Amino acid sequence: MATYPASLLILNGKGTGNDLLREAVTLLREEGVVIHVRVTWEKGDAARYIQEACDLGVETVIAGGGDGTINEVATALIGLPDAQRPALGILPLGTANDFATSAGIPESLDKALQLAIAGKATAVDIARVNDTTCFINMATGGFGTRITSETPEKMKAALGGVSYLIHGLARMDLLKPDTCEIRGENFSWQGDALVIGIGNGRQAGGGQQLCPDALINDGQLQLRIFSANELLPALLTTLTRPEESPNVIDGQSAWFEVVAPHGMTFNLDGEPLSGDHFRIALLPGALQCRLPPDCPLLR
């Protein structure tokens with residue numbers, strides 16, 4: 001490992017007490033691997049640390065946290081000129097770890113850290129919303145977004161991804177559809193949507209495979225809409241047998257445009273974005289990411 005170039009680990013502040021992570025970093029440093037560690041405290045820290053990573057000349061910036069941390073780091077990397085952009089490594093330390101799980105990142109911290117430092121860098125797509133905000137995994141709208149944003153932090157810490165389901169069952173009063181129109185390449189739909197998933201990756205909300213065929217290097221976004229016709233029967237069929245549900249609408253496009261007459265909120269890998277118009281477009285191959293050689297998200 002001593003021959004590998006330096007990395008900078010951007011660690012979500014919630015992970016600072018992780019003794020296994022501290023041990024893994026220490027062991028690698030003893031082998032001669034240079035790992036700089038920075039801890040985030042508030043929004044904007046990741047972008048500042050990435051500028052520091054450029055000054056240090058590291059070849060990899062490792063996002064240590066959940067989907068939100070990975071997305072914040074990836075978004076900040078996209079803001080750099082191509083020639084200065086380090087590769088992205090992933091160290092899953094969050095509640096759901098949807099992107100890391102679907103990408104096949106090892107659960108073991110020491111193995112995940114070694115992959116993040118020494119794994120082969122592969123060009124992957126990233127999605128940009130309204131020419132400003134990015135996401136690497138998925139944008140979700142509707143009932144699931146409201147549940148994800150309202151699930152208490154203590155419940156997530158204790159129960160992990162299943163906490164979203166438990167909180168959702170307790171808040172059926174939020175089960176209201178979003179009226180919207182969605183357009184893409186050779187795609188057009190309008191109606192009442194219970195859940196919307198626009199995926200570069202495959203899963204969100206603690207393991208829900210909203211876009212099961214998505215790939216992160218094919219230049220395409222996957223769309224899945226759960227329409228709200230006959231609301232409760234639709235929900236039950238969709239959750240148990242989505243392939244049989246007439247309320248599931250699928251699409252594929254390099255871009256999608258969503259217009260909502262009364263406004264709505266999308267969750268971009270943990271970052272809420274509200275408005276009445278969203279244009280979501282892929283930046284193909286914009287980011288180098290260190291992933292397993294058998295990563296299911298690669299074509």
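I'd like the full set of residues that are open to solvent by 60 Å² or more (accessible area, probe 1.4 Å) and touching a strand residue (DSSP E or B) at 6+ places or on another chain (Cβ under 9 Å), limited to the stretch 5-37. LYS14, THR16, ARG29, VAL34 - these are the residues of the stretch 5-37 that are open to solvent by 60 Å² or more (accessible area, probe 1.4 Å) and touching a strand residue (DSSP E or B) at 6+ places or on another chain (Cβ under 9 Å). State whether one or more residues within the stretch 210-221 are under 23 Å from ASP98 (Cα atoms), open to solvent by 70 Å² or more (accessible area, probe 1.4 Å) and modelled with pLDDT of 80 or more. Yes, because at least one residue in the stretch 210-221 is under 23 Å from ASP98 (Cα atoms), open to solvent by 70 Å² or more (accessible area, probe 1.4 Å) and modelled with pLDDT of 80 or more.
Of all residues in the stretch 1-48, those satisfying the criterion of being in contact with a helix residue (DSSP H, G or I) (Cβ under 8 Å, 6 or more places away or on another chain) and hydroxyl-bearing (Ser, Thr, Tyr) are TYR4, SER7, THR40.
Exactly one residue out of ALA112, ALA24, ALA46 is out of contact with any His (no Cβ under 9 Å at 6 or more places or on another chain), closer than 21 Å to ALA127 by Cα and not basic (Lys, Arg): that is ALA46. Here are some conditions: (1) buried (at least 21 other Cβ atoms within 10 Å of the Cβ); (2) in contact with a Pro (Cβ under 8 Å, 6 or more places away or on another chain); (3) more than 24 Å from GLY285 (Cα to Cα). ALA53 meets all but one. Which one does it not meet? Every listed condition holds for ALA53 apart from (3). Looking only at residues in the stretch 233-267 that are open to solvent by less than 80 Å² (accessible area, probe 1.4 Å) and touching a helix residue (DSSP H, G or I) at 6+ places or on another chain (Cβ under 7 Å), the one that is modelled with the lowest pLDDT is THR237.
Could you look through the stretch 72-90, keep only residues that are in a helix (DSSP H, G or I) and open to solvent by less than 10 Å² (accessible area, probe 1.4 Å), and pick out the one that is farthest from ASN267 (Cα to Cα)?
Applying the filter and picking the extreme gives LEU77.
When the residues of the stretch 185-208 are narrowed to those that are in a strand (DSSP E or B) and in contact (Cβ under 8 Å) with a residue 60 or more places away in the chain, which ends up most open to solvent (accessible area, probe 1.4 Å)?
GLN208
With respect to the conditions (1) at pLDDT 80 or above; (2) within 14 Å of THR140 (Cα to Cα), ASP192 lacks only one, and its number is (2). Mind telling me which of the residues GLU59, GLU107, GLU42 ends up being open to solvent by 10 Å² or more (accessible area, probe 1.4 Å), over 20 Å from the mean Cα position of the chain (by Cα) and of a type in the set (Asp, Glu)? The match here is GLU59.
The values are calculated or read from the model by the stated rules, or taken from the named source; none is laboratory data. These numbers were taken from a predicted model, which means no experiment stands behind them. All Cβ positions, glycine included, derive from the backbone under ideal geometry; neighbour counts span all protein chains shown. Quick note on the areas: whole protein, heavy atoms, side chains included, nothing else; ligands and nucleic acids left out. Shrake-Rupley method; radii C 1.70, N 1.55, O 1.52, S 1.80 Å.
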